[in-house]
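Written out below as structure tokens is the structure these notes cover.
The values are calculated or read from the model by the stated rules, or taken from the named source; none is laboratory data. On a predicted model such as this, the values are computed, not experimentally measured, just so you know. Cβ coordinates were reconstructed from backbone atoms using ideal geometry, including for glycine residues, and neighbour counts include every protein chain displayed. Heads up: the accessible areas ignore ligands, DNA and RNA and are worked out on the full protein's heavy atoms, side chains in. Shrake-Rupley method; radii C 1.70, N 1.55, O 1.52, S 1.80 Å.
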Amino acid sequence: MPVQIAPSLLACDLSRLQDEVQAVEKAGADVLHLDIMDGHFVPNITFGAPVIQKIREKTQLPLDAHLMIENADRYLKDFADAGCNWISVHIEACPHINRTLNEIKRLGMRAGVAINPGTSLASLDAVLDDAEFILVMSVNPGFGGQRFIPSALERVRTLRKKIGSKNIQIEIDGGIKRENTKEVTAAGAEILVIGTGIFAADDYKKRIEAIRQEI
Ligand code: DX5
Ligand code: ZN
């Protein structure tokens, strides 16, 4: 499958949400990445299902909700009803991860597991039969615009080997720019979440094209 580019709306001008969503869609984005933060699991608060429902009305792109929240199980149906297509939950925040992944699938969405830079990859062994994608954090989650943590590259390579022939995509999130696109895709990342690396550009289309050139 070709590498997919997922702009993170956290970095857009939220006062012009509809324009920004439609601009990245027109610019060639493959997926829209939505960062959901609860102020508990991460030290920041963003938005929830009601905002996603409004975004859903404005775009055809698949919606990829990255849940940085505690008690994710309680909100899965709300996110499904709001029109999310993919959901990732953090392994650090889900005590019954296999049950959670199966519930995401039962609700008709793609199920992903997100993992923080400080969490051992061995914790993923138990989800390789249930996860459809794995989101490797390359920053500590909570904020956009942070610097890429270089050890994430080796983690992607190791995970790629661990996945073997299973049908699991690797998504990478945090500090991805045109400058490190080549390295992260060579390591095995197939979905690139990019916030400031796209929304800080004057011309989103040119920036997305430039990123694709690197792959
Ligand atoms: C961080 C979020 C990211 C963030 C990426 O907690 O999960 O999706 O928006 O932003 P950049 O690309 O600016 O690091
Ligand atoms: Zn994210």
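Some notes on this structure:
Per-residue answers, yes or no, for (1) open to solvent by 40 Å² or more (accessible area, probe 1.4 Å); (2) of a type outside the set (Asp, Glu); (3) more than 15 Å from ligand 2 (Cβ to nearest atom); (4) modelled with pLDDT under 95:
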residue	(1), (2), (3), (4)
GLN4	no, yes, no, no
VAL21	no, yes, yes, no
ALA27	no, yes, yes, no
ILE36	no, yes, no, no
ILE45	yes, yes, no, no
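- Near pairs, Cβ below 7 angstrom, 6+ apart or cross-chain, from the stretch 61-75 (without any contact (Cβ under 8 Å) to a residue 60 or more places away in the chain and assigned to a loop (DSSP other than H, G, I, E, B)) to any residue that is crowded, with 22+ Cβ neighbours inside 10 Å and of a type outside the set (A, V, I, L, M): PRO62/TRP86
- Just one of (1) assigned to a helix (DSSP H, G or I); (2) away from ligand 2 (no atom under 16 Å from the Cβ) fails for LYS166. It is (1).
- Residue among ALA93, ALA126 that is aliphatic (A, V, I, L, M), open to solvent by 40 Å² or more (accessible area, probe 1.4 Å) and over 13 Å from the mean Cα position of the chain (by Cα): ALA126
- All positions within the stretch 165-190 that are under 24 Å from GLN22 (Cβ atoms) and either without any contact (Cβ under 8 Å) to a residue 12 or more places away in the chain or basic (Lys, Arg) (or both): LYS177, ARG178
- Number of residues in the stretch 196-215 that are out of contact with any Lys or Arg (no Cβ under 9 Å at 6 or more places or on another chain), under 12 Å from VAL24 (Cβ atoms) and not in a helix (DSSP H, G or I): the value is 1.
- The residue list VAL156, VAL193 contains one member that is within 16 Å of ligand 2 (Cβ to nearest atom), part of a helix (DSSP H, G or I) and either within 18 Å of the chain's Cα centre (by Cα) or in contact (Cβ under 8 Å) with a residue 24 or more places away in the chain (or both), which is VAL156.
- Matching entry among LEU107, LEU121 (being open to solvent by less than 50 Å² (accessible area, probe 1.4 Å), more than 16 Å from ligand 2 (Cβ to nearest atom), free of Cβ contacts under 8 Å to residues at least 60 places away in the same chain and more than 19 Å from ILE69 (Cα to Cα)): LEU121
- Lone qualifier among ILE172, ILE176 - being under 14 Å from GLY112 (Cα atoms) and open to solvent by less than 40 Å² (accessible area, probe 1.4 Å): ILE172
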